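Report on one structure; see the data block that follows.
The values are calculated or read from the model by the stated rules, or taken from the named source; none is laboratory data. From a predicted model like this one, the values you see are computed outputs, not experimental measurements. Positions of Cβ are backbone-derived with ideal geometry, glycine not excepted, and every protein chain shown enters the neighbour counts.
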């Protein structure tokens, strides 16, 4: 990556009028939820939509189609077609081939939000987790970039944050030893923002249509039951591995399952609380039950006894069937 480029468009202008010191996350990230954080991409869009002045819960009907993929539950991400249909957002991949900062400056100057995978090692909001402790890719959305002042303001997880000085340099590979010619560019997307937030009537009608479409493509068989069929063997193997393996496994299985269905519950509650009460309540049982199952799995790692973990998964499989029965009655009745 070159230090200077014809692409550079120096600007410290913010796209959206938000301040890291005064930012209030959306209610879907409230601390009392079972899963206040879900995954970096879904969380990111919740806060972007919140900052745009629209309702993020409308975007999560797609969660009904989550499946078990053999070694993980589907890493749920709002489909880009849904974002365009609901909010008028147009999201496409952003090709990176020159100065990384210059590419972002170019898009900010054009009024576009850049979503990009960077290293959480240099993100102050991950203090106590990965900040200055471990390297890992995570997606952020850049709202303001000040090259001269070495400041970056960005959406990440459940909030809006600022990185500066050495953290800024680390994120953009400006530190000694980071500037290698064979280093791959990160993956990035650009979002063309709508001129105005959509009307609530449009959101409701479109969300209901999308929910029905995603429900029609749901897994043919109960994915929690499929997970339960292999989970004991996976857990027994996991018990013989270092502790970090547990955290990675739990994140990609029970956390993705529970968080997915808590977001579905929020979607149904927003869409029509009275019409979707049964499905919403069953989805919340999956959200809470996944947290309980994760606790039983953690204990099983020490005790090498997996009966309670297996029973917890049985309860989750039953709740998944209840979600399905309730949605079928509502969407096809």
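Yes or no, residue by residue, for (1) outside the structural domain of residue 259 (by TED's automatic domain parsing); (2) in a loop (DSSP other than H, G, I, E, B); (3) out of contact with any helix residue (DSSP H, G or I) (no Cβ under 7 Å at 6 or more places or on another chain); (4) closer than 30 Å to residue 201 by Cα:
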site	(1), (2), (3), (4)
98	yes, yes, yes, no
104	yes, no, yes, no
114	yes, no, no, yes
129	yes, yes, yes, no
135	yes, yes, no, no
174	yes, yes, yes, no
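Checking each residue in the range 289-307 for being at pLDDT below 95 and in a helix (DSSP H, G or I) picks out 298, 299, 300, 301, 302, 303, 307.
Pairs linking a residue in the range 139-154 that is at positive phi and modelled with pLDDT of 95 or more to a residue that is surrounded by fewer than 23 Cβ atoms within 10 Å (Cβ to Cβ) and not in a strand (DSSP E or B), with Cβ atoms under 6 Å and 6 or more positions apart or on different chains, are 150/165; 150/168. When residue 88 is tested against (1) without any contact (Cβ under 8 Å) to a residue 60 or more places away in the chain; (2) surrounded by fewer than 20 Cβ atoms within 10 Å (Cβ to Cβ), only condition (1) is not met.
Residues that are exposed (fewer than 15 other Cβ atoms within 10 Å of the Cβ), assigned by TED's automatic domain parsing to the domain that holds residue 149 and at positive phi are absent from the range 181-195.
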